[in-house]
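Working notes, beginning with the structure itself.
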Amino acid sequence: MSKNQKRIHIKGGHLIDPANGIDTITDLWIADSKVHAVGAAPDGFTADQTINAAQQIVCPGLIDLSARIREPGHEHKATIASETTAAASAGITSLVCPPDTRPVIDSPAIVELMHHKARQAGQSHLHMLGALTSGLEGELISEMISLKNAGVVGMSNANYPVQNAQTLRHAFEYAATHDLTVFIRPNDPSLSAEGCVHEGAIASRLGLPGIPEAAETVAVARELELIAQTGVRAHFSQLSTARAAEMIGRARHDGLHVTADVAVHHLYLSDVDIRDYDSSCHLLPPLRSERDRDGLRDAIKRGSIDAICSDHQPHEPDAKQAPFPDTAPGLSGLDTLLPLVKRLADEKLLSLAEIIDRVTATPARILGLEQGQLGVGANADVCLFDPNMSWYVSADTLNSQGHNTPFMGWEMHGRATNTLVNGQLIFSTDHD
Amino acid sequence: MSSVDTQAQSTPPVRIKPGNIQLDQQGKLRHFLAIEGLPKPVLTKILDTAESFANSHEQREKKFELLKGHTIANLFFEPSTRTRTTFELAAKRLSADVLNINISASSSSKGETLLDMLRNLEAMHVDMFVVRHGSSGAAHFIARNVPPHVSVLNAGDGSHEHPTQAMLDMFTIRQHKPDFPSLRVAIVGDIMHSRVARSQIHALNTLGVGELRVIAPQTLLPAGIEKMGVQVYQDIDEGIRDVDVIIMLRLQRERMHSAFIPSEHEYFSLYGMTEARLALAKPDVIVMHPGPINRGVEMDSAVADGPHSVILQQVSNGIAVRMAAMALAMRNPDGSSAS
C-alpha cells in the first residue's frame, strides 16, 4: 500500500517528540508511510502535499490505552468505523479495545474480524486486549497463544475481576511464560457490590450505594502479590484512588515491574460533580473524592502513574435516561482526551512535552509497540493540533457516536487539525 | 477525509442553569422531591397548611374542593399499602381524581422505559405524580422530564429521601414540643439504608433543632454522616440521655444476611428501646417510629403502646401533611401555582 502514497511535508510546526527528545520548531518529511526526515529537506524530496503547521503542535499520534468501540455486539452505541473516525479527528491514532465486546475477544476469529473492520474503515489503528479467561468468566484460562498470534497486545479480564486467586495465579503464570502483558482494572467485587458512586458523604447524602476505596486497594494488594509471585508483566488500568497509586509507587520502588494509567477525567472531576444525580457522572471506576483527584494528579507528576487514557465508553442517549443507579456507567472520552491532557500542561502539572509523552511514547512502551515516536524510519502516525483553538463541548462538536460526557458545555483549548496514520492524511480541517 | 465544522466551534452552547428544581420563580413549592434544598419558610408553610387541614378534620369537614378537576397518579414501583393509602386519602379529601398504578417488575420487563410510561400518563392529563421507586434519584429524574404544569411528589426513592414522612414527623413533634431550638432529638437504628432518616435529618436541621444525634452500630451508619450535621453515638444509653424526642427506625430483616448485624436478638439487646432505657431520656420524651414496627427488635411493646409513644398520631397526621404537600405543589395548566 506504500506504493501510491503521497509524500508529505509538514512545514514549520512545533515538533514535540518526547521519545527522541525533540521540542522545537522544525519540519517533518514523510514518505512511504514512514518518517523520512526531520529538519532540513532531504535531497531530492519533492512533496506531493505540504501542510502548513505554523502555530501548531506536531507530535506522535495519541495512543489511547482504553477505548470501548462497542463493535461487535453493541453497534447501536458505536461502531469500529464511527469510533476510529472520531479518534482520528481527535488526534488519536491508536486505540486499545478491552475484551468485553459481545462476543468476548477470546478467540482469534473475533480479533481477525475486528482488524478487518478497522482496516476497512481506514482510520486510526485498532488494537485489542484478549480475554484473560475464557468468556471473561474467570474459570478457564483463555487460549492466550492463539490470541497473541492473532495480534492482541495484551490480556485482560476487563471489568470482570477474576475472583479465584488460584485461577488468577495460573493465568498470570501462563501469560508470563509467553511474554504477554496483563492489564488489570483493580476491583474487589464483594466490596464494590451494587455500588454506583464513591462511598463517602456525597453518596450518603444522595442515598446512592457506595463503592469504597478498599474495593480498589484490596484488589491492588492481592494482584501485586500475585505479580511478584509469578513475575508477570502487569499494567494497572484506570486507577481511581490516590491510595492505590501510592501502593503501586511503593511496589515499583521495591523493584516490581508494574505500570499504571489513569483516565483523564479522574484528574478533573470528583464525586462533587454528581450534583443532583447527573447520570453523565455515573462512571466505573467512580469519580472519587477531591483528595483522590489531587492525589492522582500528584501520582502523574511523580511518575507512579505512567500514562493517561480516555476510558472511552460511548452510549446511546437512552442508556443515560433513567434514575441514576439504573443508567449505564461510562463516558464518551475520545473527543476530549487531547484538550484535557493539554490543559494539564497549561495548569503547570507537567511540561507540554512531558504530558504528550504520557499519551504517546509511554503507552507505546507499555504495549510494546514501536509507535508513539517520530524518529527517522518510524511509522508516520502524526497528530497536528492547534493549542489555542477554543471550542465548546456540544452535540455538534463531538465526533464520537456517544454524546455522554460530563464535560458537555465546557470550553476546551486545543483541537486536532490534521491526523496522519501510516503516513496518510486521514483527517484535516483544511478544506482547501 | 472527514472534517469537523470549525464554524460551530466558536459559539458557546446555551446552558441551562441547574437552579432549585423544587421551587418556582416565586420561591413556592413546585415539586416535593427532597427536604434538602428547601428553605425553612417552605417547610413551615407545609406545616401550617397541614395544621389548617388537621383542624378542619376535627370539625368533621372532611372534604375540600381545592383540587377538584385535577388528576393525581400514584406511581408505585415498590409495594406499599400504608403510604399509598394515605396519599390516596389525602388526594380524595382534596376532591382530586386519583389513579393508582402499581408497577411490578413484570411490566418494566416488557421493555417500556420509565420515560415512555410517563409520556403515556401525561397523555391522560395527569397533573401530579406521586412516585415511590427503589432507585435513589428517581423522583428527581421524573421531575426533570415532566412538562411545566405537572408536579412530582416523592413518596420515597431508594435510600435517598422520603420527604412527606419527615414532614409528618415534624408536624407531630411540633404538636408536642413546638420550640425546635430547645430540643435534643435522637434517631436510632438503620441510618444507612433509611430514606426516612435522611429526610428527618435535613428537616430537623432546617427547622433549627438544638441538637441532633444519630445512634447506630458502625455497620448501619453511612460514610461521612457527621457531615450532615449530626452527632454520632454508638452507645444508645449515652445517646438518648436527656433527649426530648426519640425516633426509632425500622430494621429490615434481610440486613442480617448481609452481615450488617449478627442477630435480631443482639440488635435488640444493644439498640432496642425498652422502658428502662427510656428512663434515661427527658421525663416527657416522645417516641416515634415511621412504621411498620418490628416489636421486640426495635422496641418493646410496652414502649410502642406506652404513654410516651406518639406512633399512631404520626399515622393520622400523615394525611393532613400529604394534603398540604399536594395542595401547595399542584399547578394550573399554565404552570402557575394552583393554591
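The values are calculated or read from the model by the stated rules, or taken from the named source; none is laboratory data. These numbers were taken from a predicted model, which means no experiment stands behind them. So basically every Cβ, Gly included, is an ideal-geometry build from the backbone, and we count neighbours across all protein chains shown.
Please enumerate the residues belonging to region A:79-125 that are assigned to a helix (DSSP H, G or I), more than 14 Å from the chain's Cα centre (by Cα) and within 14 Å of chain B (Cβ to nearest Cβ).
Listed by number, the residues that qualify are A:A81, A:S82, A:T85, A:S89, A:A121.
Does B:D169 qualify as being within 14 Å of chain A (Cβ to nearest Cβ), in contact with a strand residue (DSSP E or B) (Cβ under 8 Å, 6 or more places away or on another chain) and of a type in the set (D, E)?
no
What strands (runs of 3 or more DSSP E) completely inside region B:143-233 contain at least 1 residues that are closer than 22 Å to B:F129 by Cβ?
So the answer is B:151-157.
Scanning region A:94-120 for residues that are more than 18 Å from A:S332 (Cα to Cα) and in contact with a Pro (Cβ under 8 Å, 6 or more places away or on another chain), which turns out surrounded by the fewest Cβ atoms within 10 Å (Cβ to Cβ)?
Among those residues, the one meeting the criterion is A:R102.
Need a quick list: helices (runs of 4 or more DSSP H) entirely within region A:293-372 having at least 1 residues that are on the phi > 0 side of the Ramachandran plot.
Passing ranges: none, list empty.
Take the residues in region A:236-257 that are part of a loop (DSSP other than H, G, I, E, B) and touching a residue at least 24 places away in the same chain (Cβ under 8 Å), then tell me which one is nearest to A:F183 (Cα to Cα).
Once the filter is applied, the top-ranked residue is A:S237.
With under 22 Å from A:L374 (Cα atoms), surrounded by fewer than 23 Cβ atoms within 10 Å (Cβ to Cβ) and modelled with pLDDT of 95 or more as the only criterion, which of A:L352, A:L337, A:L344 stands out?
Only one candidate passes the filter, namely A:L352.
Can you name the residue in region A:377-397 that is among the charged types (D, E, K, R) and farther than 17 Å from A:D346 by Cβ and is also farthest from the other protein chains (Cβ to nearest Cβ) among such residues?
By that ranking, first place goes to A:D381.
Quick one: is A:L180 in contact with an Asp or Glu (Cβ under 7 Å, 6 or more places away or on another chain) and farther than 30 Å from B:L220 by Cβ?
No: the conditions fail for A:L180.
Return only the number of the condition from (1) within 18 Å of B:P283 (Cα to Cα); (2) surrounded by fewer than 24 Cβ atoms within 10 Å (Cβ to Cβ) that B:V245 does not satisfy.
(2)
Can you name the residue in region B:118-157 that is free of Cβ contacts under 8 Å to residues at least 24 places away in the same chain and more than 30 Å from A:I202 (Cα to Cα) and, of all such residues, is farthest from the other protein chains (Cβ to nearest Cβ)?
B:A123
Give the residues of region A:210-237 that are crowded, with 24+ Cβ neighbours inside 10 Å and over 19 Å from A:E173 (Cβ atoms), sorted by residue number.
Within region A:210-237, A:G210, A:I211, A:A215, A:E216, A:V220, A:S237 meet the criteria.
Residues of region A:203-220 being touching a residue at least 60 places away in the same chain (Cβ under 8 Å) and either more than 8 Å from every other protein chain (Cβ to nearest Cβ) or part of a strand (DSSP E or B) (or both), which ones?
If the condition is that a residue be touching a residue at least 60 places away in the same chain (Cβ under 8 Å) and either more than 8 Å from every other protein chain (Cβ to nearest Cβ) or part of a strand (DSSP E or B) (or both), then A:I211, A:E213, A:E216 are the ones that fit.
Looking at (1) in contact with a Pro (Cβ under 9 Å, 6 or more places away or on another chain); (2) not in a loop (DSSP other than H, G, I, E, B), which is the one condition that is false for A:T419?
The number of the failed condition is (1).
When region A:137-157 is examined, which residues are found to be surrounded by fewer than 24 Cβ atoms within 10 Å (Cβ to Cβ), aliphatic (A, V, I, L, M) and under 20 Å from the mean Cα position of the chain (by Cα)?
Matches in region A:137-157: A:V153 only.
Only one of A:D306, A:D294, A:D273 is in contact with a helix residue (DSSP H, G or I) (Cβ under 6 Å, 6 or more places away or on another chain), surrounded by fewer than 23 Cβ atoms within 10 Å (Cβ to Cβ) and assigned by TED's automatic domain parsing to the domain that holds A:E194; which?
On inspection, the qualifying residue turns out to be A:D273.
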